[in-house]
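Input: a single structure, listed below in C-alpha coordinates.
The values are calculated or read from the model by the stated rules, or taken from the named source; none is laboratory data. Quick caveat, the model's predicted, so the values are computed rather than measured. Please note: Cβ atoms are built from the backbone with ideal geometry, for glycine as well, and neighbour counts cover all protein chains shown. What goes into the accessible areas is simple: the full protein's heavy atoms, side chains included, and nothing from ligands, DNA or RNA. Shrake-Rupley method; radii C 1.70, N 1.55, O 1.52, S 1.80 Å.
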Amino acid sequence: MTQAPTPEPAGPRAPVFGLITPEDWYRVPLLPADRREASVEALIKRQFTGVDDQPVLRRKAEEQLLGTAETAVGQGGVVLYLSFLEAGGIPLSASLLVSRIQERFDGLDVVASLAGTGEVTLESLPAVGRVARVRRQERTKHSRKLGSEFADTVVEYFVPVPDRDEVLMLTFSTPLEPIADAMVELFDAVAGTLRWQHRDEEPTGEERE
(Lines give C-alpha, C1' and ligand atoms only; values in the text may rest on other atoms or scores of the structure.)
Protein backbone atom coordinates (compact mmCIF):
# COMPACT_ATOMS: atom_id res chain seq x y z
CA MET A 1 0.00 0.00 0.00
CA THR A 2 1.32 3.42 -0.89
CA GLN A 3 1.43 5.70 2.14
CA ALA A 4 1.22 9.31 0.99
CA PRO A 5 2.55 12.08 3.27
CA THR A 6 0.28 15.11 3.25
CA PRO A 7 0.48 18.70 4.59
CA GLU A 8 -1.40 19.25 7.83
CA PRO A 9 -4.06 21.96 8.32
CA ALA A 10 -5.11 22.94 11.82
CA GLY A 11 -7.13 20.44 13.83
CA PRO A 12 -6.86 16.71 14.50
CA ARG A 13 -4.29 14.91 12.39
CA ALA A 14 -5.79 13.37 9.29
CA PRO A 15 -5.37 9.70 8.47
CA VAL A 16 -3.04 8.84 5.60
CA PHE A 17 -4.52 7.18 2.54
CA GLY A 18 -3.50 4.01 0.79
CA LEU A 19 -4.04 2.99 -2.84
CA ILE A 20 -3.22 -0.16 -4.75
CA THR A 21 -1.98 0.82 -8.21
CA PRO A 22 -0.82 -1.19 -11.22
CA GLU A 23 2.82 -2.26 -11.13
CA ASP A 24 3.83 0.01 -14.02
CA TRP A 25 2.47 3.19 -12.46
CA TYR A 26 5.29 5.41 -11.21
CA ARG A 27 4.66 7.36 -7.99
CA VAL A 28 5.93 10.94 -7.65
CA PRO A 29 5.51 12.41 -4.14
CA LEU A 30 4.92 16.13 -4.56
CA LEU A 31 5.86 17.37 -1.08
CA PRO A 32 8.39 18.46 0.02
CA ALA A 33 10.04 20.00 -3.03
CA ASP A 34 13.36 18.18 -2.66
CA ARG A 35 11.59 14.83 -2.57
CA ARG A 36 9.58 15.77 -5.66
CA GLU A 37 12.71 16.78 -7.57
CA ALA A 38 14.57 13.61 -6.56
CA SER A 39 11.66 11.44 -7.69
CA VAL A 40 11.42 13.19 -11.06
CA GLU A 41 15.18 12.86 -11.54
CA ALA A 42 14.99 9.12 -10.79
CA LEU A 43 12.12 8.67 -13.25
CA ILE A 44 13.94 10.50 -16.04
CA LYS A 45 17.09 8.48 -15.37
CA ARG A 46 15.08 5.27 -15.64
CA GLN A 47 13.33 6.31 -18.83
CA PHE A 48 16.57 7.36 -20.54
CA THR A 49 18.68 4.39 -19.42
CA GLY A 50 20.87 3.38 -22.36
CA VAL A 51 20.11 6.59 -24.26
CA ASP A 52 23.23 8.74 -24.03
CA ASP A 53 22.85 10.81 -27.18
CA GLN A 54 19.69 12.76 -26.33
CA PRO A 55 20.69 15.28 -23.63
CA VAL A 56 18.40 18.00 -24.99
CA LEU A 57 15.40 15.67 -25.10
CA ARG A 58 16.20 14.39 -21.63
CA ARG A 59 16.47 17.90 -20.20
CA LYS A 60 13.23 18.95 -21.89
CA ALA A 61 11.39 15.89 -20.52
CA GLU A 62 12.65 16.61 -17.00
CA GLU A 63 11.64 20.28 -17.19
CA GLN A 64 8.19 19.36 -18.49
CA LEU A 65 7.60 16.81 -15.75
CA LEU A 66 8.82 19.19 -13.04
CA GLY A 67 6.49 21.85 -14.41
CA THR A 68 3.56 19.43 -14.33
CA ALA A 69 4.39 18.45 -10.75
CA GLU A 70 4.70 22.06 -9.59
CA THR A 71 1.37 22.94 -11.18
CA ALA A 72 -0.18 19.98 -9.36
CA VAL A 73 1.17 21.25 -6.03
CA GLY A 74 -0.53 24.58 -6.70
CA GLN A 75 -3.82 22.70 -7.04
CA GLY A 76 -3.43 20.99 -3.67
CA GLY A 77 -1.72 17.91 -5.09
CA VAL A 78 0.20 15.65 -2.74
CA VAL A 79 1.13 12.72 -5.01
CA LEU A 80 1.17 12.10 -8.76
CA TYR A 81 1.09 8.70 -10.47
CA LEU A 82 2.13 8.23 -14.10
CA SER A 83 1.28 5.11 -16.10
CA PHE A 84 3.94 3.27 -18.08
CA LEU A 85 1.69 0.31 -18.87
CA GLU A 86 1.84 -1.14 -22.37
CA ALA A 87 -0.45 -3.47 -24.30
CA GLY A 88 0.93 -5.01 -27.48
CA GLY A 89 3.76 -2.49 -27.45
CA ILE A 90 1.32 0.46 -27.28
CA PRO A 91 1.73 2.79 -24.26
CA LEU A 92 -1.44 3.08 -22.16
CA SER A 93 -0.90 6.69 -21.15
CA ALA A 94 -2.65 7.78 -17.98
CA SER A 95 -2.10 9.78 -14.82
CA LEU A 96 -3.57 10.06 -11.34
CA LEU A 97 -3.26 13.20 -9.23
CA VAL A 98 -4.22 12.94 -5.56
CA SER A 99 -5.12 16.31 -4.01
CA ARG A 100 -6.42 17.58 -0.70
CA ILE A 101 -9.07 20.30 -0.74
CA GLN A 102 -9.98 22.29 2.38
CA GLU A 103 -13.73 22.03 1.80
CA ARG A 104 -16.48 20.29 3.73
CA PHE A 105 -18.13 17.43 1.84
CA ASP A 106 -21.86 18.28 1.78
CA GLY A 107 -22.94 16.18 -1.17
CA LEU A 108 -23.36 16.79 -4.85
CA ASP A 109 -23.80 20.58 -4.79
CA VAL A 110 -20.31 21.21 -3.41
CA VAL A 111 -18.77 18.59 -5.66
CA ALA A 112 -20.50 19.97 -8.74
CA SER A 113 -19.11 23.44 -7.96
CA LEU A 114 -15.62 22.01 -7.60
CA ALA A 115 -15.81 19.77 -10.65
CA GLY A 116 -17.33 22.22 -13.11
CA THR A 117 -18.62 20.24 -16.07
CA GLY A 118 -19.34 16.54 -16.30
CA GLU A 119 -21.80 13.98 -14.98
CA VAL A 120 -21.77 13.91 -11.16
CA THR A 121 -23.01 10.85 -9.28
CA LEU A 122 -22.87 9.57 -5.71
CA GLU A 123 -21.06 6.25 -5.35
CA SER A 124 -19.81 4.02 -2.53
CA LEU A 125 -16.26 2.67 -2.27
CA PRO A 126 -15.72 -0.53 -0.25
CA ALA A 127 -13.39 0.81 2.45
CA VAL A 128 -14.33 4.51 2.63
CA GLY A 129 -18.07 4.67 1.99
CA ARG A 130 -19.89 7.51 0.24
CA VAL A 131 -18.02 9.48 -2.42
CA ALA A 132 -18.89 11.59 -5.44
CA ARG A 133 -17.68 10.64 -8.91
CA VAL A 134 -17.37 12.79 -12.03
CA ARG A 135 -16.62 11.68 -15.59
CA ARG A 136 -15.94 14.31 -18.22
CA GLN A 137 -14.10 15.04 -21.47
CA GLU A 138 -11.47 17.78 -21.62
CA ARG A 139 -9.44 19.28 -24.45
CA THR A 140 -6.10 20.10 -22.85
CA LYS A 141 -3.57 22.68 -24.02
CA HIS A 142 -1.13 19.84 -24.65
CA SER A 143 -3.52 17.92 -26.91
CA ARG A 144 -4.40 21.08 -28.85
CA LYS A 145 -0.71 21.88 -29.27
CA LEU A 146 -0.10 18.40 -30.69
CA GLY A 147 -3.08 18.76 -33.01
CA SER A 148 -4.77 15.71 -31.51
CA GLU A 149 -8.38 15.12 -32.56
CA PHE A 150 -9.11 13.41 -29.24
CA ALA A 151 -10.12 14.85 -25.89
CA ASP A 152 -8.76 13.59 -22.59
CA THR A 153 -11.10 11.43 -20.54
CA VAL A 154 -11.10 12.53 -16.89
CA VAL A 155 -12.58 10.67 -13.93
CA GLU A 156 -12.60 12.43 -10.56
CA TYR A 157 -13.46 11.04 -7.15
CA PHE A 158 -14.27 13.35 -4.23
CA VAL A 159 -13.80 11.54 -0.92
CA PRO A 160 -14.62 13.06 2.50
CA VAL A 161 -11.69 12.76 4.92
CA PRO A 162 -12.82 11.28 8.26
CA ASP A 163 -13.36 13.85 11.03
CA ARG A 164 -12.12 16.72 8.84
CA ASP A 165 -13.57 19.59 6.82
CA GLU A 166 -11.54 18.27 3.95
CA VAL A 167 -11.95 16.32 0.71
CA LEU A 168 -9.46 13.95 -0.90
CA MET A 169 -9.68 14.28 -4.68
CA LEU A 170 -8.52 11.58 -7.08
CA THR A 171 -8.15 12.88 -10.64
CA PHE A 172 -7.55 10.17 -13.25
CA SER A 173 -6.85 11.19 -16.84
CA THR A 174 -6.05 9.50 -20.16
CA PRO A 175 -5.67 10.87 -23.70
CA LEU A 176 -6.69 7.51 -25.18
CA GLU A 177 -10.24 8.38 -26.19
CA PRO A 178 -10.71 5.30 -28.46
CA ILE A 179 -10.27 2.98 -25.45
CA ALA A 180 -11.55 5.40 -22.83
CA ASP A 181 -14.17 3.01 -21.43
CA ALA A 182 -11.55 0.33 -20.74
CA MET A 183 -9.25 2.88 -19.09
CA VAL A 184 -12.14 4.16 -16.97
CA GLU A 185 -12.74 0.60 -15.74
CA LEU A 186 -9.11 0.54 -14.60
CA PHE A 187 -9.47 3.94 -12.91
CA ASP A 188 -12.58 2.77 -11.05
CA ALA A 189 -10.76 -0.38 -9.93
CA VAL A 190 -7.86 1.66 -8.52
CA ALA A 191 -10.26 4.06 -6.75
CA GLY A 192 -11.98 1.04 -5.22
CA THR A 193 -8.78 0.15 -3.34
CA LEU A 194 -8.69 3.47 -1.46
CA ARG A 195 -8.57 3.11 2.32
CA TRP A 196 -7.64 5.15 5.38
CA GLN A 197 -4.94 4.30 7.87
CA HIS A 198 -4.51 6.29 11.05
CA ARG A 199 -1.01 7.40 11.90
CA ASP A 200 -0.83 5.42 15.14
CA GLU A 201 -1.41 2.15 13.27
CA GLU A 202 1.40 -0.08 12.10
CA PRO A 203 2.32 0.62 8.45
CA THR A 204 1.31 -2.16 6.10
CA GLY A 205 4.11 -1.63 3.59
CA GLU A 206 3.59 -1.17 -0.14
CA GLU A 207 1.17 -3.33 -2.08
CA ARG A 208 0.65 -3.30 -5.83
CA GLU A 209 -1.59 -5.18 -8.19
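Data overview
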item: About the Cα centre, charge dipole magnitude for segment 14-93 (Lys/Arg +1, Asp/Glu -1 at Cβ), debye; result: 120
item: Under 5 Å, built H, 5+ apart or other chain: amide partners of residue 195; result: 18
item: Segment 22-88: relative contact order in percent, alpha carbon pairs under 8 Å with at least 6 residues between; result: 57
item: Net lengthening on full extension, residue 150/residue 177 (0.36 nm per residue, minus Cα-Cα); result: 9.1 nm
item: Residue 31 versus residue 196: modelled label distance in nm, points set 7 Å from Cα along the beta carbon direction; result: 1.8
item: Distant-in-sequence amide H partners of residue 131 (H built 1.01 Å from N, under 5 Å); result: 123, 124, 125
item: Heavy atoms of residue 26 accessible to a 1.4 Å probe, total area in Å² rounded to 10; result: 40
item: 5 angstrom amide H check on residue 166, placed H, neighbours 5+ away; result: 103, 105, 161
item: ³J(HN,Hα) computed for each position of segment 15-22 - Karplus, 6.51 cos²θ - 1.76 cosθ + 1.60, integer Hz, glycine/proline x; result: x, 7, 9, x, 9, 9, 10, x
item: Stretch gain in nm, segment residue 104-residue 136, where the contour uses 0.36 nm per residue and the Cα spacing is subtracted; result: 9.2 nm
